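Here's the structure, in structure tokens; my notes come after.
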Amino acid sequence: RNYAEAIVETVREPLIVLDKDFHVKSANRSFYDTFQTSPAETEGRLIYELGNNQWDIPELRKVLEEMLPQNTSIQDFEIEHDVPAIGHRTMRLNARHIAQKGSGTQMILLAIEDVTERKRMEEILRESEVSRRLCSRVLAAQEEERKRVAQELHDGIGQSLASAKFRVNSILEQLVKDGGETGPQLLEAILPILQENIEEARRVQLGLRPSILDDLGILPTISWFCREFQKTYSDIRIQTHIEIEEKEFHSLLKTTLYRVMQEALNNVAKYSRADLVDLTLRKTGDRIEFIIQDNGQGFDMEKVLSVESTKRGFGLTSMRERVEISNGSFAIESLKGKGTAIRASWKVPDTPL
Ligand SMILES: Nc1ncnc2c1ncn2[C@@H]1O[C@H](COP(=O)(O)OP(=O)(O)OP(=O)(O)O)[C@@H](O)[C@H]1O
Ligand SMILES: [Mg+2]
């Protein structure tokens, strides 16, 4: 008996021992601590009367009273109620018979687990999972839409501008052959306007979603983007270190990588005054790592990222959000005068969303 009592006493979960008429024979310390009560207020009393009848719950009565005659046990029976000293709680009850040798006395051992916190955490996790999935669906729909607009732009406005330019050119050649004077001049003035519009349409199209991403994959897209970037910003050199294969990327991850690269490199061009960028994409162990590091002037992260900052744009925040929605982790490191590094990483194998 001492042995059994010692066990009951050391268990962290609140436990009570009831006799066959549901009077409390004893309870452990954890029970008294949890429910802020004492042996004097507890022992010898009917369980339903404890703590101002707070255990007088019809469902509990039913399961408890069926236990002895039907020789059943109670497993993970959940009750919710307000415990005066500690507030609204969800308890999980488990109960077993104990038959005492010799005397034939029947007893019930009742364990009460407070699962309020756990249930709350589960709920929070479930909600954040739901919103993560929702976000990633919204982002996917947005990418789909951008792809569609890019195609429209290419096939519609892009094509007709190109054909208008071609025609103007032909007319111009003809007029020059015919020896006209003012006609060619007038037409010539239209050409740069057309050319500008063709380039503008192309720029908008590239910002939307390049078809190379869907047609060839992320690795060719990175090489292509870096080439285009260096054409535009000829004083910035990009060194790429790619140590990973295309098959490691699912579609959400490809898009995320592309958008992060786009934003990070645009920031480098806009603010860093760097002349060298290191772009690393590799698999190390079970993680995919993506690092974009520049050797520019860096920035004061605390200032820029503070709530009242006027420099705070959408770029850094949206990179973080995209990475987190795709189950990755994200970090920015920047030191004034030392450059900036954007780091994102994902665990593989990862389940595609
Ligand atoms: N590579 C970098 N080097 C130096 N400063 C940077 C770099 N990247 C970001 N910054 C600083 O951080 C600020 C916030 O960047 P963020 O991308 O969030 O916004 P933004 O580029 O100003 O606007 P948006 O991205 O919404 O067009 C920038 O204004 C700039 O001061
Ligand atoms: Mg930006």
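The values are calculated or read from the model by the stated rules, or taken from the named source; none is laboratory data. Here the structure is a predicted model, which means the values were calculated and not measured. All Cβ positions, glycine included, derive from the backbone under ideal geometry; neighbour counts span all protein chains shown.
Overview of results
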{"read-out": "Residues of the stretch 299-353 that turn out to be within 14 Å of ligand 2 (Cβ to nearest atom), over 12 Å from the mean Cα position of the chain (by Cα) and of a type in the set (Lys, Arg), as a count", "value": "2"}
{"read-out": "Total residues in the stretch 304-321, condition part of a loop (DSSP other than H, G, I, E, B) and either outside the structural domain of ASN267 (by TED's automatic domain parsing) or of a type in the set (A, V, I, L, M) (or both)", "value": "1"}
{"read-out": "The stretch 294-315, subset near ligand 1 (Cβ under 9 Å from one of its atoms) and touching a residue at least 40 places away in the same chain (Cβ under 8 Å), residue surrounded by the most Cβ atoms within 10 Å (Cβ to Cβ)", "value": "ASP294"}
{"read-out": "Single unsatisfied condition, ILE238 versus (1) part of a helix (DSSP H, G or I); (2) within 16 Å of ligand 1 (Cβ to nearest atom); (3) in contact (Cβ under 8 Å) with a residue 24 or more places away in the chain; (4) not polar (S, T, N, Q)", "value": "(1)"}
{"read-out": "Any chance PHE290 is in contact with a strand residue (DSSP E or B) (Cβ under 8 Å, 6 or more places away or on another chain), under 26 Å from GLU145 (Cβ atoms), part of a strand (DSSP E or B) and within 16 Å of ligand 2 (Cβ to nearest atom)", "value": "no"}
{"read-out": "Test: residue in the stretch 261-274 that is away from ligand 1 (no atom under 13 Å from the Cβ), under 20 Å from GLU243 (Cα atoms) and either touching an Asp or Glu at 6+ places or on another chain (Cβ under 6 Å) or modelled with pLDDT of 95 or more (or both)", "value": "no"}
{"read-out": "Failed item in (1) surrounded by 17 or more Cβ atoms within 10 Å (Cβ to Cβ); (2) among the β-branched types (Val, Ile, Thr); (3) modelled with pLDDT of 85 or more, with VAL8 passing the rest", "value": "(3)"}
{"read-out": "Top-ranked residue in the stretch 317-335 [being within 9 Å of ligand 1 (Cβ to nearest atom) and touching a residue at least 24 places away in the same chain (Cβ under 8 Å); ranked as surrounded by the fewest Cβ atoms within 10 Å (Cβ to Cβ)]", "value": "SER318"}
